[in-house]
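First the structure, in the form of structure tokens, and then the observations on it.
The values are calculated or read from the model by the stated rules, or taken from the named source; none is laboratory data. It should be emphasised that the depicted structure is a prediction, and the values quoted were computed from it without experimental measurement. Quick reminder, even Gly has a Cβ in these numbers, built from the backbone with ideal geometry, and neighbours come from all protein chains shown. Just the protein is used for accessible areas: all its heavy atoms, side chains included, with ligands, DNA and RNA removed. Shrake-Rupley method; radii C 1.70, N 1.55, O 1.52, S 1.80 Å.
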Amino acid sequence: MAVDYTGTWNMVRNVNFEGYMLALGIDFATRKMAAMLKPQKVIKQDGDHFSIRTLSTFRNYECAFKVGEEYQEETKGLDNRTCLSVVSWHHDKLVCVQRGQKKNRGWTHWIEGDHLHLELTCEDQVCKQVYKRTL
């Protein structure tokens, strides 16, 4: 593991967020508000320990985990579900599998240059987000 994810990242692109939110069962009004946001991610990494805060003017979300250890994740403020999540290294990518009410749910983070990529999946929907590291 040579990649350091620590930093503050601002969203620059968000593709198919609406489809992803529909698959999660998020209500119409919340989807419309969330689609207009440009969230910021603040990631702190200490070896295999991570804290990821997603900040916006509408809602904030935080998760903390250790790579390779399953944990119970409360998606309060997102789709308000509980799932069992585990994050693994796949080369320099962080891959999360979330087991719960929705099938094929999870995410993958990776870095290319000064961009953080996030691919979110739920059922048959894939959302692709790109964030740029702040200076």
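Quick look at the values:
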read-out	value
Matching residues in the stretch 23-51 - criterion: being modelled with pLDDT of 95 or more and under 19 Å from Arg81 (Cβ atoms)	Ala23
Selection count where residues are of a type in the set (D, E, K, R), touching a residue at least 60 places away in the same chain (Cβ under 8 Å) and in a strand (DSSP E or B), scope the stretch 78-102	0
Residue in the stretch 45-64 that is touching a residue at least 24 places away in the same chain (Cβ under 8 Å), under 17 Å from Leu120 (Cβ atoms) and of a type in the set (A, V, I, L, M) present	no
Count of the stretch 32-42 residues which are open to solvent by 30 Å² or more (accessible area, probe 1.4 Å) and touching a helix residue (DSSP H, G or I) at 6+ places or on another chain (Cβ under 7 Å)	1
Every residue from the stretch 56-77 that is open to solvent by 30 Å² or more (accessible area, probe 1.4 Å), of a type outside the set (S, T, N, Q) and assigned to a loop (DSSP other than H, G, I, E, B)	Phe58, Arg59, Gly68, Glu69, Glu70, Lys76
Filter result (open to solvent by 30 Å² or more (accessible area, probe 1.4 Å) and in a helix (DSSP H, G or I)) within the stretch 15-30	Phe17, Glu18, Leu22, Phe28, Ala29
Any hit, the stretch 78-90, residues being open to solvent by 80 Å² or more (accessible area, probe 1.4 Å) and touching a Lys or Arg at 6+ places or on another chain (Cβ under 8 Å)	no
